[in-house]
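This report refers to the structure that appears directly beneath it.
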Amino acid sequence: MDFRLTAEQEALKREFEEFFAREESRAPKEWSGGLFAIFESDENWAYHRSVAERLAEKGWLSLPWPKEYGGKEHSYIEQLIFNEVRAYHRVPGVDMWGPQIVAPSILEHGSEELKKKWLPRIARGEINWCQGWSEPNAGSDLASLTTRAVEDGDDFVINGQKIWTTGAHRADHIFFLARTDQNVPKHKGITYFVSEVDKPGITIRPLLYMHKKREYNEVFFDNFRVPKKNVVGQVNQGWYVTMAGINFERSMIGTVAGLKRDLEEFVEFSKKTVHRGQPMAKATLIRQKLAELAIELEATKQWAYYVAWLQSKGQNVPAESSAAKWFSSELAVRFGNIAIEMMGLYGALKEGSKWARFKGKYEDMCQYTLGITIAGGTTETMKNIIAWMGLKLPR
């Protein structure tokens with residue numbers, strides 16, 4: 001692997017850097033970034049939406065798409081550079097699901113009618129999506145889902161429940177899986193739907209963190225009607241449509257870049273903060289922990305570039321991307337815990353306390369990062385994929 005960027009990629013990176021540095025300067029006063037911060041206040045949400053409009057104007061919400069559908073046909077590496085720079089500057093503006101999951105699914109499996117209806121709106125940043133996959137008894141074993149979809153004229157009628165639906169209270173559209181055939185093996189009777197949310201038959205209820213922040217929700221379908229034309233791919237083939245998301249850059253570089261910025265700030269904090277008569281940075285234990293985090297972050301970054309490079313060679317990377325997801329999500333948990341440990345009692349103070357360091361960021365991180373070892377695929381599931389598809393071990 002050649003780790004050097006081309007001259008064109010270097011120029012593109014500088015353009016991203018200039019743009020996101022400007023956008024970061026517009027952030028709300030209390031903004032500190034993070035995966036779910038956009039959902040936590042009206043001010044944060046307005047900031048997210050304003051950035052989305054600017055990104056849409058530049059065509060950066062559809063960088064890897066074919067030009068015929070409004071894309072720029074950028075490579076995996078170039079998409080990675082965009083994700084890395086944006087995350088480092090803690091700038092929102094990219095819907096977590098539309099460009100990354102819904103668009104690839106429609107591009108690969110959708111009808112021409114679906115492509116013309118939905119892709120331009122995603123590229124313009126007009127749509128805010130939520131994901132209706134997990135259910136109370138179907139998480140890692142998603143194919144066990146029980147939400148039903150029954151044909152009725154030109155519609156399907158949906159009944160069931162989804163859970164852990166991130167950002168559903170801010171979303172205006174939902175993509176979800178429902179069972180359309182109960183008499184076949186579980187993977188073969190599932191269908192993939194897209195729909196507006198502002199319709200009869202859907203109820204959204206909050207699931208709060210311990211510190212009362214709202215990012216997750218429960219979603220209930222009660223005779224919720226979706227037109228048949230909103231099926232992505234073929235009926236009963238929805239499980240395989242979900243696999244289309246693997247064609248999007250899957251290196252987890254965003255997590256790595258965000259933590260790199262956190263580490264840089266923590267190093268500066270350690271240099272300036274005096275403890276027992278000397279800067280924290282001179283304490284052997286502190287230096288050792290910071291060095292360990294720096295090494296792990298660099299290793300994770302190089303792995304992220306490796307995953308994107310493999311994808312750029314046309315390779316399918318389920319094991320490699322699972323390793324990236326596993327290590328980066330577990331590293332985020334370690335980072336938060338180490339930061340709290342190094343700050344002592346100050347680290348446990350919440351956002352809003354005048355004594356809190358980093359606006360209470362690491363108290364918050366310790367709560368939400370445990371969730372990301374589950375969301376998007378549990379650590380245990382990632383290890384299984386590595387074992388089965390990477391190492392070819394028996395099930």
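With springs connecting C-alpha atoms under 10 Å apart, model the chain as a Gaussian network and identify which of 293, 114, 285 has the largest mean-square fluctuation. For the chain, modelled as a Gaussian network with Cα springs under 10 Å, the answer is 285. In this rough spin-label picture, where each label sits 7 Å from Cα along the Cβ direction, the residue 6-residue 271 distance is 3.7 nm. Helical runs (DSSP H, four residues minimum) scored at -39500 (n - 2.57) apiece and divided by the length of the chain put the mean residue ellipticity at 222 nm at -14000 deg cm²/dmol. Taking GluC sites (Glu not before Pro) across the stretch 272-307, none is in a DSSP loop with at most 11 further Cβ atoms lying within 10 angstrom of its Cβ. The relative contact order of the stretch 250-390, computed from alpha carbon pairs under 8 Å that lie at least 6 residues apart in sequence, is 24 percent. Taking one quarter of the surface of the C-alpha convex hull of the chain gives a mean projected area of 20.6 nm².
The phi-based Karplus calculation (6.51 cos²θ - 1.76 cosθ + 1.60; θ = phi - 60°) puts the 3J(HN,Hα) values of the stretch 110-126 at x, 5, 4, 4, 5, 4, 6, 7, 9, 4, x, 6, 5, 5, 7, x, 7 Hz, whole numbers, x for Gly and Pro. Note on the stretch 7-94: Rg/Rh from C-alpha atoms, Kirkwood Rh, equals 0.99.
Binning all Cα-Cα separations of the stretch 250-390 at 10 Å, short to long from zero, yields these whole-percent fractions: 12, 36, 30, 16, 6, 0. A full extension of the chain between residue 29 and residue 13 corresponds to an added length of 3.1 nm, given 0.36 nm per residue minus the alpha carbon distance.
For the residues 43, 264, 215, a GNM of the chain with alpha-carbon springs under 10 Å puts the largest fluctuation on 264.
Rg/Rh for the stretch 54-207 stands at 0.99; both radii use Cα atoms, and Rh follows the Kirkwood definition. Listed by chain and number, the lysines placed with their C-alpha closer than 29 angstrom to that of residue 188 are 115, 116, 117, 162, 199, 228, 229, 325, 383, 392; residues fewer than eight positions away on the same chain are left out. Using 0.36 nm per residue and subtracting the Cα-Cα separation, the extra length available between residue 196 and residue 261 on full extension is 19.7 nm.
Between helix 284-312 and the chain there is an angle of about 30 degrees, using the helix long axis and the longest principal axis of the Cα atoms. The calculated FRET efficiency for residue 108 paired with residue 46, based on their beta-carbon distance and R0 = 35 Å, is about 0.55. Mind checking the log10 I(q)/I(0) for the stretch 268-310 at q = 0.14, 0.18 Å⁻¹? Debye, one equal scatterer per Cα, no solvent, two decimals. Each listed q corresponds, in turn, to -0.45, -0.59. Relative to the longest principal axis of the Cα atoms of the chain, the long axis of helix 318-343 lies at roughly 40 degrees. For the stretch 113-193, the spread of Cα coordinates along the three principal axes comes to 40, 30, 18 Å, biggest extent given first.
3J(HN,Hα) couplings calculated from phi for the stretch 264-274 with the Karplus curve 6.51 cos²θ - 1.76 cosθ + 1.60 (θ = phi - 60°) are, in sequence order, 4, 5, 5, 4, 5, 4, 5, 6, 9, 8, 8 Hz; Gly and Pro show x.
Against the main long axis of the alpha-carbon atoms of the chain, helix 361-372 sits at an angle near 40°. Straight-line cross-link reach from residue 282 at under 20 Å between alpha-carbon atoms covers these aspartates and glutamates, not counting any fewer than eight positions away in the same chain: 262, 264, 265, 268, 292, 341. Working value for the stretch 47-105: equivalent-ellipsoid semi-axes of 18, 13, 11 Å, each the square root of 5 times a Cα gyration tensor eigenvalue, largest first.
Highest mean packing comes first when the peptides 141-150, 73-82, 385-394 are listed by Cβ atoms within 10 Å, giving 73-82, 141-150, 385-394. Think of the chain as having a plus end and a minus end, set by charges on the Cβ of Lys, Arg, Asp and Glu; of 175, 384, 369, 369 sits farthest toward the positive end of this dipole.
In this calculation the C-beta distance from residue 205 to residue 374 is compared with R0 = 25 Å, giving a FRET efficiency of 0.80.
Couplings for the stretch 251-259, taken from phi via the Karplus curve 6.51 cos²θ - 1.76 cosθ + 1.60 with θ = phi - 60°, read 8, 6, 5, x, 4, 4, 5, x, 5 Hz in order; Gly and Pro are left as x.
Net length available on complete extension from residue 117 to residue 57 is 19.7 nm, with 0.36 nm assigned per residue and the Cα-Cα distance removed.
Sort 17, 320 by Cβ crowding within 10 Å, fewest neighbours at the top.
The order, fewest Cβ neighbours first, is 17, 320.
Listed by chain and number, the lysines placed with their C-alpha closer than 22 angstrom to that of residue 354 are 29, 212, 213, 271, 272; residues fewer than eight positions away on the same chain are left out.
Taken together, the values in this text are just the output of simple stated rules run on the coordinates, not laboratory data. All of these numbers come straight from a predicted model, not from anything done at the bench. We place every Cβ from the backbone using ideal geometry, glycine too, and count neighbours over all the protein chains shown.
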